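Report on the following structure.
The values are calculated or read from the model by the stated rules, or taken from the named source; none is laboratory data. Predicted model, so just to flag it, every value in this text is computed and none were measured. Reconstructed Cβ throughout: ideal geometry from the backbone, glycine too, with neighbour counts over all protein chains shown. Areas reflect the complete protein model, heavy atoms only, side chains present, ligands, DNA and RNA absent. Shrake-Rupley method; radii C 1.70, N 1.55, O 1.52, S 1.80 Å.
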Amino acid sequence: YGHTVINILQKTRYICIVLVCDSDHGKWGKEYGNYVISSPDKLFEEEDLDGVFISILSDNHVDEYILSRKKIQIYKKIHELVAEDIYWDVAGLCNARCKYCVTGYHNRKNNSLSSKNSYMSLEKFKVDYNHLYENGIISKESHLGLYNWKEPFLNPNIMDILLFLSQEGQRYSLSTNGSIVKLAEDRRTYLKCEQIVFSMPGFSQKSYDHIHGFSFDRIKKNIIKIKKDMLENGFEGEFAISAHIYKFSENEIEELKKWAETEGLHVNAYYPYLAGNSLVAAYFENGLEQQFKKDIFHDLFLNWEDEINQEKIREFDNPLCHKLTIDEKGNFTLCCMADEFCDSYDVWGRINSVNSYEDYRKLKEKMLESETCIQCRKYAMAYRVLQ
């Protein structure tokens, strides 16, 4: 964890790591990157410090010890200093018809709020990205996911954006349904791509007909084609499949795993849920159509009617509240569970309206008082999804 902290903070504007300490005597004097590990006593001798980051995951009262000897700001989480996770929808549309995801649900109703020309241009992306980095809001080592609710490869500028990020030394990841193939034109395109995740609702045409609505054979061919292109253009990260286990596709997971192993793809299997706070709210407030509720019972392994421990909910620190999310217009949005059909989803201003990470954290505090966030806490939405 200490290594992670150092990597992120040393690639953040306006943050300077003055010294690195460790209580292990055996590490003193040893080099770690540009730093020589010191005794913790060095901390109390150093005058030019604005704060101390304690990179210990367990609560062992180190902060109390430091504060007893030095009046100084203590940090324990990366998100207190810089955005650790960013999810940025560079496209405003998704072409899948996943009935249990808010975008697919509304696609089936022809009720999308975006047009086919809704996407982030390369020049706009450059300006917004540079603003975030130059103002110390994100780090070159932050996890930048170029997706949230939409399909990134629907953006006609996606390859130019990926090349720009690689040239900037910004690590990033991708998620796609595999329906669209776009080939790189520069060998450096995927140099900083850490992972690409292919979302699959099963391993048969029947399952694809039921959820995504694509040709199953075409998707498999596309995944292989995309993988080949990425490997030829700088990619050294992980190829992964997000395998959705529905009741109707449960018996297909083993065959999917065999195919994935043959193709060098890692499989992360999980049980889908209602994705999107507006859908979840409708579920708990009896706002869903009767047939849709029957479909949920028929297709999903969902246990949201079970009693949950209220004390655990109170103790739950929702990690999604600390993630920075942006839409294809460059607007700050509530979080990666909130969706465009939620109240106050994208009314928080554009990227250039925030000029420091401290300003962003103040904005986030306002977001948490929005009706959507209050509703999320009321129904323990994040807790149900993450636990």
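Given a Förster distance of 45 Å, report the FRET efficiency between Phe292 and Arg13 from their Cβ-Cβ distance, rounded to the nearest 0.05.
Efficiency at R0 = 45 Å is approximately 0.45.
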> Taking the Cα centre of the chain as the origin and placing charges on Cβ (Lys, Arg +1; Asp, Glu -1), which of Ile374, His106, Ser175 is farthest toward the positive end of the dipole?
Replying inline: His106
> List the cysteines of the chain that have no other Cys Cβ closer than 4.7 Å: which are they?
Replying inline: Cys16, Cys21, Cys94, Cys193, Cys321, Cys335, Cys336, Cys342, Cys373, Cys376
> Could you list log10 I(q)/I(0) for the chain at q = 0.08, 0.15 Å⁻¹, which the Debye formula gives when each Cα is one point scatterer?
Replying inline: -0.48, -1.46
>> If I model a spin label as a point 7 Å beyond the Cα along the Cα-Cβ vector, how far apart are those points for Gln167 and Glu254 in nm?
In response: 5.0 nm
>> Please list, short to long, the whole-number percent of alpha-carbon pairs of the range 1-123 in consecutive 5 angstrom bins beginning at zero.
In response: 2, 8, 15, 16, 13, 7, 5, 7, 7, 8, 7, 4, 1
> How large is ³J(HN,Hα), in whole Hz, for each residue of the range 341-358 in order, when computed from phi with the Karplus curve 6.51 cos²θ - 1.76 cosθ + 1.60 and θ = phi - 60°, using x for Gly and Pro?
Replying inline: 9, 8, 4, 6, 4, 10, 9, 9, x, 8, 3, 6, 8, 10, 10, 6, 5, 4
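I'd like the trypsin sites (Lys or Arg not before Pro) in the range 114-154 restricted to DSSP loop residues with at most 14 other Cβ atoms within 10 Å, sorted by number.
Lys116
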> Between Glu194, Glu305, Glu168, which gets the highest mean-square fluctuation from a Gaussian network model of the chain, Cα cutoff 10 Å?
Replying inline: Glu305
> With all protein chains present, how much of the accessible area of the chain (probe radius 1.4 Å) comes from carbon and sulfur, to the nearest whole percent?
Replying inline: 47 percent
> Karplus couplings for the range 131-142 from phi (6.51 cos²θ - 1.76 cosθ + 1.60, θ = phi - 60°), rounded to Hz, Gly and Pro as x?
Replying inline: 5, 4, 6, 5, 9, x, 8, 10, 10, 4, 9, 4
>> Below 8 Å, C-alpha to C-alpha, sequence gap of six or more: please give me the relative contact order for the chain in percent.
In response: 15 percent
> If you place +1 on the Cβ of every Lys and Arg and -1 on the Cβ of every Asp and Glu, how big does the dipole about the Cα centre of the range 230-281 come out, in debye to the nearest 20?
Replying inline: 300 debye
> If you stretched the chain out fully between Asn110 and Asp209, how much longer would it get, using 0.36 nm times the residue separation minus the C-alpha to C-alpha distance?
Replying inline: 33.9 nm
>> Over all directions, the average projected area of the alpha-carbon convex hull for the range 160-253 comes to how many nm²?
In response: 5.8 nm²
>> Given axes a ≥ b ≥ c from the Cα gyration tensor, I'd like to know whether the range 62-112 is rounded (a/c under 1.5), prolate (a/b larger than b/c) or oblate.
In response: prolate
> Per residue, what volume in Å³ does the Cα convex hull of the range 228-387 take up?
Replying inline: 177 Å³
> Normalized C-alpha radius of gyration of the range 87-147, against 2.2 N^0.38 Å?
Replying inline: 1.40
> Among Ile308, Asn318, Tyr190, which residue has its Cα positioned farthest towards the positive end of the charge dipole of the range 181-321, with +1 placed on the Cβ of Lys and Arg, -1 on the Cβ of Asp and Glu, and the dipole taken about the Cα centre?
Replying inline: Tyr190
> For the range 11-26, what does the Karplus curve 6.51 cos²θ - 1.76 cosθ + 1.60, with θ = phi - 60°, yield as ³J(HN,Hα) per residue in whole Hz, taken in order and with x for Gly and Pro?
Replying inline: 10, 10, 4, 6, 10, 10, 7, 7, 7, 10, 10, 8, 6, 7, 3, x
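Could you work out the relative contact order of the range 267-387, using alpha carbon pairs under 8 angstrom and six or more residues apart, expressed as a whole percent?
This gives 28 percent for the range 267-387.
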> Measuring with a 1.4 Å probe in the full set of protein chains, what accessible area per residue, in whole Å², belongs to the range 223-294?
Replying inline: 52 Å²
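For the range 299-387, what is the accessible area per residue in Å², given a 1.4 Å probe and the full set of protein chains?
In whole numbers, the range 299-387 has 53 Å² accessible per residue.
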> Looking at His25, Tyr133, Pro40, which one has the Cα that reaches farthest to the positive end of the dipole of the range 1-146 (charges on Cβ: Lys, Arg +1; Asp, Glu -1)?
Replying inline: Tyr133
> Rounded to the nearest 20 Debye, what is the dipole magnitude of the chain about its Cα centre when Lys and Arg each give +1 and Asp and Glu each give -1 at the C-beta?
Replying inline: 960 debye
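Report the full-extension gain for the segment Glu311 to Asp22: residue separation times 0.36 nm, less the Cα-Cα distance, to one decimal in nm.
Additional length available on full extension: 100.5 nm.
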> When the chain is fully extended, how far beyond the present Cα-Cα distance does Leu67 get from Arg361, taking 0.36 nm per residue of separation?
Replying inline: 103.4 nm
> Too long at a 23 Å Cα-Cα cut-off: which of Lys329/Lys366; Lys124/Lys228; Lys293/Lys378; Lys11/Lys192?
Replying inline: Lys124/Lys228
> Taking 1 over the mean of 1/r across every pair of different Cα atoms in the range 163-314, what Kirkwood radius in Å do you get?
Replying inline: 17.6 Å
>> Could you tell me the relative contact order of the range 119-268? Use alpha-carbon pairs under 8 Å, at least six residues apart, and round to a whole percent.
In response: 21 percent
> Once you charge only the Cβ atoms, +1 for Lys and Arg and -1 for Asp and Glu, what is the size of the charge dipole of the range 1-156 about its Cα centre, to the nearest 20 debye?
Replying inline: 1140 debye
> Regarding the range 58-181, what whole-number volume in Å³ per residue does the convex hull of its Cα atoms give?
Replying inline: 157 Å³
